[in-house]
Amino acid sequence: MAIVTRDIPIRVRYNETDQMGIVHHSNYIFYYEVARTELMRSLGTSYREMEERGALLVVRDVRSRFVAPAYYDEVLNVRVSIRETPTVKVTFDFEIFNERGELIHTGEVMLACVDRTTRRPKRAPEWFVALLAGN
């Protein structure tokens with residue numbers, strides 16, 4: 001069970017597609033970024049505020065699984081979840097659905113929490129953990 005989940009709508013823009021009108025594979029990482037950013041905003045903070053408070057999240061690992069294509073001008077539903085309480089790392093899971101509600105893509109992004117000054121790994125700040133728990 002996820003500790004926090006949000007659904008984020010994203011419309012496929014023309015520049016994100018190939019000649020066949022299908023979303024190019026490289027754009028899914030951008031969709032992950034939009035969903036993560038909007039998840040944090042829905043919890044009452046932003047990446048800018050997190051960074052100002054000394055918590056930097058850097059990408060450690062990205063995984064994608066393509067199930068079916070997405071097409072130009074579709075509104076995709078990007079479901080972003082955090083399933084475990086953050087430690088030094090936090091993992092965001094993604095499920096992307098097309099307009100018919102069909103699962104077309106899954107992904108995972110693991111981020112490491114690093115100190116703003118030293119850039120060394122550190123435990124997620126208590127305020128960040130509390131923010132996720134109190135969603």
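The numbers here are math on the coordinates, done by the rules we state, and not lab data. Predicted, not measured: the structure shown is a model, and the values here were computed from it. Every residue, glycine as well, gets a Cβ built from its backbone with ideal geometry; the counts of neighbours run over all protein chains shown.
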### Message
Looking for something over 23 Å from residue 10 (Cα atoms), surrounded by 14 or more Cβ atoms within 10 Å (Cβ to Cβ) and among the aliphatic types (A, V, I, L, M) - is there at least one such residue anywhere in the range 114-123?
### Response
yes
### Summary
Residues of the range 30-72 being more than 17 Å from the chain's Cα centre (by Cα) and either among the aliphatic types (A, V, I, L, M) or under 11 Å from residue 109 (Cα atoms) (or both), in sequence order, are 67, 68, 70
### Query
Among the residues of the range 98-120, which ones are closer than 18 Å to residue 3 by Cα and outside any strand (DSSP E or B)?
none
